[in-house]
Amino acid sequence: MLRTADEELTIDELAARAGVTVRTVRFYASRGLLPPPRLRGRLGLYGGDHLARLDLIRELQALGFTLSAIERHLERIPDDATAEDLALHRALLAPWTSDQSEDLTRHELSQRAGRQLDDDLVGKLISLGILQALDDDLSRVRLSNSAMLGVGLQILDLDLPQGMLLEAKDIVEQHTSQIAVELRELFAANVLRPYLERGRPEEERERVHVATQQLRPLTIHVLVNGFQNAINDVIRDHV
């Protein structure tokens, strides 16, 4: 939701709108993550820019940033950044998948999988990066992407050598990481940097925001199609 700069909110209203506690707002302010409120007499008033910063902090937390990393990141954003600028910044950082991680007990995991998962299967799912152990006895795990649980179980049901699966995982991660780095640099060089160098003109802000949002599904489709074509070419060359 777009935050408008002319909103005037008390700290209680700000916390309610942001979905956090007043204590959290005060803590963030004490760490310099939020600029001071605008004063009307003794009353501190917050606006859309403060709401947008709280949205951005939540986005950074969802990406796994520590509080210290969030502080360093926000230090580079001027206090007078508008709600619109912060919304664009958040869009550039937003995760490319909507799935959120879930912490599950072993019973809940087995229910989600539709079958009983023993320690061996859980260990293999952890090695493939689909699960993360939350304690030593594997009684609680974190599922990073709900859609991947079924995929991981289908892969394990193929009964392929575990070493081969781990090597395949490493190959995929290595090449997809490189693709992500190169595509991000391409977008930054051709869209983001020119926008910043021109002084963030207001008339271009929405175009950059829309381009950022539309780039995600388009890139995923292009990658899937490109991989399918590459596999077909490899098969034809091999045969």
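For the stretch 9-89, the per residue solvent-accessible surface stands at 53 Å², with DNA, RNA and ligands left out and a 1.4 Å probe. Modelled this way, with points 7 Å down the Cα-to-C-beta line, the labels at ARG31 and LEU63 are 1.6 nm from one another.
Between ARG42 and VAL20, the simple spin-label model (points 7 angstrom out along Cα→Cβ) gives 2.6 nm. Compactness of the chain was expressed as the Cα radius of gyration divided by 2.2 N^0.38 Å, which yields 1.28.
Any chance you could give the angle, 0 to 90 degrees and rounded to 10, that helix 83-93 forms with the longest Cα principal axis of the chain? Computed tilt is about 10 degrees.
Annotation note: trypsin sites (Lys or Arg not before Pro) in the stretch 136-239 located in DSSP loop regions with a Cβ neighbour count of at most 16 within 10 Å are ARG198. Extending 7 Å from the Cα toward the beta-carbon at both ARG198 and ASP119 defines two label points whose distance is 6.1 nm. Of the residues ALA52, PRO194, HIS221, the one whose Cα sits farthest towards the positive end of the charge dipole of the chain is ALA52 (charges of +1 on Lys and Arg Cβ, -1 on Asp and Glu Cβ, taken about the Cα centre).
For the stretch 1-131, the convex hull drawn through the C-alpha positions has a volume of 144 cubic angstrom per residue. For trypsin sites (Lys or Arg not before Pro), the sites in the stretch 1-95 that DSSP calls loop and that have at most 16 other Cβ atoms within 10 Å are ARG31, ARG42, ARG76. Ligands, DNA and RNA left out, the 1.4 Å accessible surface of the stretch 1-156 is 50% carbon and sulfur atoms.
Length available on full extension from ILE126 to ASP170: 0.36 nm per residue minus the Cα-Cα distance, which gives 14.4 nm. The value for the stretch 84-160 of Rg(Cα) / (2.2 N^0.38 Å) is 1.34.
The values are calculated or read from the model by the stated rules, or taken from the named source; none is laboratory data. Quantities reported herein were computed from a predicted structural model and do not represent experimental measurements. Ideal geometry is used to build each Cβ from the backbone, glycine not excepted, and the neighbour counts take in all protein chains shown. Side chains are part of the model used for accessible areas, which takes the heavy atoms of the whole protein and leaves out ligands, DNA and RNA. Shrake-Rupley method; radii C 1.70, N 1.55, O 1.52, S 1.80 Å.
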